[in-house]
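Colleague: Okay, handing you the structure first.
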Amino acid sequence: MDATKQIVIVGGGFAGTTLASTLERRLPRGWRVVLVSEESYTTFNPMLAEVVGASVFPEHVVAPIRQMLGEGGTSRFVMGRVNGVDRRARHVLVDTLAGAQALRYDHLVLAFGTRAHLDLLPGSAEHALPLKLVGDALLIRNRLLQRAARIELEHDLALRRRLGRFVVIGGGFSGVEVAGEMADFLRALRRWYPRVAEGELQVVLLHDGPQLLPELPPSLGEAAAASLRGRGVEVRLATRARAVHAESVALEDGSTLEAATVVCTIGTRPNPLAEKLGLVLERGRVAAARDLSVIGSEDLWALGDCARVPNGSGFAPPTAQFAVAQAKALAHNLLARIDGRPTREFSHRSKGMMATTGHLKGVAQIGRLRLAGLPAWLLWRGYYLLRMPTLGRKLRLWVEWTWAMCFAADITHLRFTGTREVDAAGRTPGASA
Ligand SMILES: Cc1cc2nc3c(=O)[nH]c(=O)nc-3n(C[C@H](O)[C@H](O)[C@H](O)COP(=O)(O)OP(=O)(O)OC[C@H]3O[C@@H](n4cnc5c(N)ncnc54)[C@H](O)[C@@H]3O)c2cc1C
C-alpha cells in the first residue's frame, strides 16, 4: 500500500490552486497534495466581463490546473466532482471519468466556492443569464450578437426596442464591469449591423442602493456611474427588480421595463456539497475557526468563498484577494500541524479594490489612494496580468489585450454545433445562443 500521506483539497479555484502550489514546494518527505476539481482549469472570475465584451478570448481567463502545479513531484490533480466525505474512513468520494473513486486523506481542505443563485428573483431562473462561469460569459456574448442579428430582420418597432434593451441587475463589481463591457461591445458591433440604428441598442444597469460599488467610497461609486453614463449606459440607482419575465423586468415601484435580455449578477447560494457534509454552517458557509480549521475537527480545513472565516472583529469577505491570502495562511498552518507546531490565526487587511467600467476606464482604491479613469484601468490590467500563471499565458493575454486595442472587436457568434446537428430538420440558424 502507498504509505505517502495526503492532503486532499476540494476545489480548484483561487483558494485551492494557491494552496496546492504553495504546499507542493514546501511539503516534507512522505507527504503529497491531491487537488480535486470539477473542471481541469481555474477561472479568473474577475475577467469574465472581458469575455462578454470580446476584449479577450475565453481561453485567456482560465489556466489549466495541471500547468499551475508542478509536474509529478509532490502534487497530483484529479478531475472529478466530490459528492461526499466518509469522515470515519477518511475518504473523499469522487465522481470521475473512470467512475466513482474514494480518495484517502490525512487532512482534507474544503475550497469548493459557492454557486450562482439562479432563483433569487421570481422568473430569474428561467429568463435571466447568470455570470459565474466561462460558459455564462460566452452565452451572454452570443446573446448580444443574436439580438443584434434579429433586430436587423424585424420590422415591428416595439419588438426591436425590446430586443435591443439589455438589463443588468446588480451594481456590484461584476454588474458594473459587465455593463461597461456590454455597452462597449454593442457600440462596436453596430458597424457590421447597418440596419440597427444608433440608439436601438441600450444597456440599463439596475442597482437597489444609492451608490454603485457600495464597497468603495462614494466618490468612486459616483465616478463609476459617471463613466458608465458617459458610454451610454442608463444607470438607475435605488431601483430594485421584483421579478424577471421573458420580455421584461418588473420593478419594485410597480413599473415594468421591457427587455428581452437580462443579466443577473446578484446573489450566490451555498454549494450543495456544504450541506451534504453535515458540518456546522453559518449563512450557508462552513464555519471555520481563526486558524482556518473547521470548527470541532482536527483534520478538516476550510477557506475561500465556501468558508465563513473570522477576520479581525468581523468575517472575511468572499473575494479572490481574501481567498488567496487564506490559502497562504493555511499552507503555513498545515505545515505547522504536520511538524507539531502551533497554528497561526488568519488576519488580512484588504489591499484595495478595483473595477473596470468598460474600455480604458475604471475605479480603484489602494490604501488611501483613489484612482478613476485610465490609471485605474491600467492598474486593473497590470494586476491581473501579474496574477496570470506561467509566462506563456501572461504573454498571450498581453498580446490579446494589445491586439484588441488596435483592431475591431471579434463579432463571431461561435456556437458548438456538431456535424450531426447542422442539417437537423427545423433548426433555425442562430436560434440558440
Ligand atoms: C463575475 C465575477 C466577478 C468577480 N470579480 C471579483 C473581483 O473583481 N475581485 C475579487 O476579489 N473577487 C471577485 N469575484 C469573486 C472571486 O471570484 C471569488 O471570491 C473567488 O473565486 C473565490 O475563490 P474560491 O477558490 O473560494 O472559489 P471558486 O473560485 O468559486 O472555486 C471553487 C472551485 O471548486 C470547484 N468545485 C465546486 N464544487 C466542487 C465539487 N463538488 N467537487 C470538485 N470541485 C468542486 C469549482 O469548479 C471551482 O473550480 C468575482 C466573482 C465573479 C463570479
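The values are calculated or read from the model by the stated rules, or taken from the named source; none is laboratory data. For clarity, every value in this text was computed on a predicted model and none was experimentally measured. Note that each Cβ is placed from the backbone with ideal geometry, even for glycine, and that neighbours are counted across all protein chains shown. SASA here: full protein model, heavy atoms, side chains in, ligands and nucleic acids out. Shrake-Rupley method; radii C 1.70, N 1.55, O 1.52, S 1.80 Å.
Colleague: Using Cα atoms only, what is the angle between the long axis of helix 14-24 and the major principal axis of the chain, expressed in degrees (0 to 90) to the nearest 10?
Modeller: 30
Colleague: With all protein chains present, how much of the accessible area of region 138-195 (probe radius 1.4 Å) comes from carbon and sulfur, to the nearest whole percent?
Modeller: 51
Colleague: Residue by residue, what Karplus-based ³J(HN,Hα) values in Hz, rounded to whole numbers, does region 318-324 have, using 6.51, -1.76 and 1.60 with θ = phi - 60° and x for Gly and Pro?
Modeller: x, 10, 4, 4, 6, 4, 5
Colleague: Now, a different point. With a 1.4 Å probe and all protein chains left in place, how much accessible area per residue does region 340-433 have, in Å²? All intermediate terms of the calculation are to be shown ahead of the outcome.
Modeller: On the way: 6370 Å² over 94 residues.
Normalised by residue count, the accessible surface of region 340-433 is 68 Å².
Colleague: With a 1.4 Å probe and all protein chains left in place, how much of the accessible area of region 1-127 comes from carbon and sulfur atoms, in whole percent?
Modeller: Details: 2780 of 5700 Å².
Solvent-exposed carbon and sulfur of region 1-127 make up 49 percent of the total.
Colleague: Picking from 37, 390, 203, whose Cα lies most toward the positive end of the charge dipole for the chain (charges on Cβ: Lys, Arg +1; Asp, Glu -1)?
Modeller: About the Cα centre, the residue reaching furthest to the positive side is 390.
Colleague: Work out the charge dipole of the chain with +1 on the Cβ of Lys and Arg and -1 on the Cβ of Asp and Glu about the Cα centre, then indicate which of 57, 155, 23 is farthest towards its positive end.
Modeller: 23
Colleague: Turning to a different aspect of this structure: So how strong a dipole does the chain carry about its Cα centre when Lys and Arg Cβ are +1 and Asp and Glu Cβ are -1, to the nearest 20 debye? Write out the running numbers ahead of the final one.
Modeller: Values: 54 positive and 41 negative charges, 206 e Å.
It works out to roughly 1000 debye.
Colleague: Rounded to the nearest 0.05, what FRET efficiency do residue 229 and residue 344 have when you use their Cβ-Cβ distance and R0 = 51 Å? Please list the in-between numbers first.
Modeller: Numbers: r = 46 Å, r/R0 = 0.91.
Approximately 0.65, to the nearest 0.05.
Colleague: Test of understanding: what is the full-extension gain from residue 26 to residue 156, defined as 0.36 nm times their sequence separation minus their Cα-Cα distance? Could the numbers behind the result be given before it?
Modeller: Details: separation 130, 0.36 × 130 = 46.80 nm, distance 6.54 nm.
That works out to 40.3 nm of additional length.
Colleague: For the pairs 132/276; 5/132; 328/361, flag any whose C-alpha to C-alpha distance is greater than 24 Å.
Modeller: Details: 132/276 22 Å; 5/132 34 Å; 328/361 32 Å.
As for pairs spanning more than 24 Å Cα to Cα, those are 5/132; 328/361.
Colleague: Relative to the longest principal axis of the C-alpha atoms of the chain, give the angle of the C-alpha long axis of helix 374-387, reported between 0 and 90° and rounded to the nearest 10°.
Modeller: That works out to roughly 40 degrees.
Colleague: In whole percent, how big is the carbon plus sulfur part of the accessible area of region 274-433, probe 1.4 Å, protein atoms only? If you can, show how the numbers build up before the last one.
Modeller: Working: 5170 of 8920 Å².
That fraction is 58 percent.
Colleague: Right, next: For the chain, what does the helix formula give at 222 nm: sum of -39500 (n - 2.57) over DSSP H segments with n ≥ 4, over the residue count, nearest 500 deg cm²/dmol? List each step's numbers first, then the result.
Modeller: Values: 13 runs with 141 residues, N = 433.
Result for the chain, helices only: -10000 deg cm²/dmol.
Colleague: A further question on this structure: Each label point is 7 Å from the Cα along the Cα-to-Cβ direction; what then is the distance between the points at residue 370 and residue 67, in nm?
Modeller: Label-label distance for residue 370 and residue 67, simple model: 4.0 nm.
Colleague: Sticking with the crude label model, points 7 Å out along Cα→Cβ, report the distance from residue 57 to residue 386 in nm, one decimal please.
Modeller: So the label points at residue 57 and residue 386 sit 2.7 nm apart.
Colleague: Continuing with this model, one more query. Please turn the phi angles of region 133-150 into ³J(HN,Hα) values with the Karplus equation 6.51 cos²θ - 1.76 cosθ + 1.60 (θ = phi - 60°), one per residue in order, whole Hz, x for glycine and proline.
Modeller: Values, residue by residue: 10, 4, x, 4, 5, 5, 4, 5, 4, 5, 5, 4, 5, 5, 4, 4, 5, 6 Hz.
Colleague: List the aspartates and glutamates whose Cα sits under 17 Å from the Cα of residue 394, skipping any in the same chain fewer than 8 residues away.
Modeller: Reachable aspartates and glutamates: 50, 59.
Colleague: Send over a whole-number figure in Å² for the accessible area per residue of region 129-258, probe 1.4 Å. Walk me through the intermediate numbers first.
Modeller: Details: 5530 Å² over 130 residues.
It amounts to 43 Å² per residue over region 129-258.
Colleague: From the Cα trace of the chain, what convex hull volume per residue do you get, rounded to a whole Å³? Present the calculation step by step, with values, prior to reporting the outcome.
Modeller: Numbers: hull volume 72.3 nm³, N = 433.
Output value, Cα hull per residue: 167 Å³.
Colleague: Next question. With every protein chain kept in place and ligands, DNA and RNA left out, what is the accessible area per residue of region 38-127? Probe 1.4 Å, answer in Å². Please list the in-between numbers first.
Modeller: On the way: 4240 Å² over 90 residues.
Counting only protein heavy atoms, the per-residue value for region 38-127 is 47 Å².
Colleague: Taking the DSSP beta bridges in the chain as the whole, what percent of them are antiparallel, to the nearest 5? Kindly include the intermediate steps, with their values, before the conclusion.
Modeller: Numbers: 38 of 73 bridges.
So the antiparallel bridges amount to about 50 percent of the total.
Colleague: Given Cβ point charges of +1 (Lys, Arg) and -1 (Asp, Glu) and nothing else, what value in debye, to the nearest 20, does the dipole of region 1-86 about its Cα centre take? Don't skip to the answer; put the middle values down first.
Modeller: Working: 8 positive and 8 negative charges, 90 e Å.
It works out to roughly 440 debye.
Colleague: Given the Cα-Cα distance of residue 253 and residue 83 and 0.36 nm per residue of separation, how much length would full extension add, in nm? Working shown, then result.
Modeller: Values: separation 170, 0.36 × 170 = 61.20 nm, distance 4.29 nm.
Value of the extension gain: 56.9 nm.
Colleague: Could you state the angle between the C-alpha long axis of helix 391-406 and the longest principal axis of the C-alpha atoms of the chain, as a value from 0 to 90 degrees rounded to the nearest 10?
Modeller: Relative to the chain, helix 391-406 is tipped by roughly 10 degrees.
Colleague: Between residue 2 and residue 133, with labels modelled 7 Å along Cα→Cβ, what's the label distance in nm to one decimal, could you check?
Modeller: A separation of 2.8 nm, rounded to one decimal place.
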